[in-house]
1. Counting only other residues whose beta carbon sits under 11 Å from that of ARG174, what net charge do I get with K and R as +1, D and E as -1?
2. Please give the FRET efficiency for ASN196 paired with SER13, using the beta carbon to beta carbon distance and R0 = 35 Å, rounded to the nearest 0.05.
3. Within 13 Å, Cβ to Cβ, of SER45, how many net charges do the neighbouring residues add up to if Lys/Arg are +1 and Asp/Glu are -1?
4. Between rounded, prolate and oblate, where does region 119-204 land on the alpha carbon gyration tensor, with a ≥ b ≥ c its root eigenvalues, rounded for a/c under 1.5, else prolate if a/b exceeds b/c?
5. Taking the Cβ of ILE184 as the centre, find all other residues whose Cβ is under 10 Å away and add up their charges (Lys, Arg: +1; Asp, Glu: -1).
6. Going 7 Å from the Cα of SER186 in the Cα-to-Cβ direction, what parts of region 100-126 have a backbone nitrogen less than 17 Å from that spot?
7. Using all alpha carbons of region 33-203, what is the percent of pairwise distances in each 5 Å bin, ordered from the shortest bin to the longest?
8. Can you list the GluC sites (Glu not before Pro) in region 123-204 that are in a DSSP coil and have 13 or fewer other beta carbons within 10 angstrom?
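Every read-out reported here was derived from the displayed coordinates using simple, explicitly stated rules and does not represent laboratory data. As the structure is a prediction and not an experimental result, all values here were calculated from the model. Here the Cβ positions follow ideal geometry from the backbone for every residue, glycine too, while neighbour counts run over all protein chains shown.
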Amino acid sequence: MKSFDQMFLANRSWAQAKLQNDKEYFTRLSKGQSPKYLWIGCSDSRVPETEITGSGPGELFVHRNIANLVHSNDESLLSVLKYAVDYLKVKHIVVCGHCNCGGVKAAFDGLEDEHLGEWIGDIKSTYMSNKSGLSEIDSDMAKINRLAEISVVKQVDKLAEFDIVKNAWKRKQRLFIHGWMFNISSGELNTLKEVNPDELPEFQ
Ligand code: CO
């Protein structure tokens, strides 16, 4: 574990390195942001969205929660989504799940803990409605990872039904939604699903 001293030292050398490369780096950054991507990911410390996508400050607008879930009554998510779509006019929304996800495992195990158990209720119901298909998979870990994938696709489909997203399409904002999976064991990202507005009747 890094000490706070080490973190601040690392910060100063990072800032100096940026300036050495480009004297105007922070001046430019402080003027505003126009990211093209909204990233909806898991809070898991092993999935740092900027690092795994080679992105820098200003490139990703980010919302993270346990198990990268999209709840239509989550004001935190809704405000991030609204700002990203209506004001920043992002071109892509990425929902990124990952293997070995503690939130998905907790849902699989039927965790009832206060707050946590309620939060992952959506994955519990995804598990229930996919139980027979998942029963054909041998190990629990593989079942959990498949459940994580199914859940990502479900979140993408849910997002496509949000008024914020549908209204963007109605006004011809070319907004894509992607479902991705990050494999912690290999470090690789893969695509599970893509919603392309060009293929939607409401976008024609
Ligand atoms: Co997770």
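1. It works out to a net charge of +3.
2. 0.25
3. So the surrounding residues net to 0.
4. prolate
5. Working: positive: ARG46; negative: ASP44, GLU188.
It works out to a net charge of -1.
6. From region 100-126, the list is 100-101.
7. Bin by bin from 0 Å, the calculated values are 2, 9, 18, 21, 20, 15, 10, 5, 1, 0.
8. GLU136, GLU161
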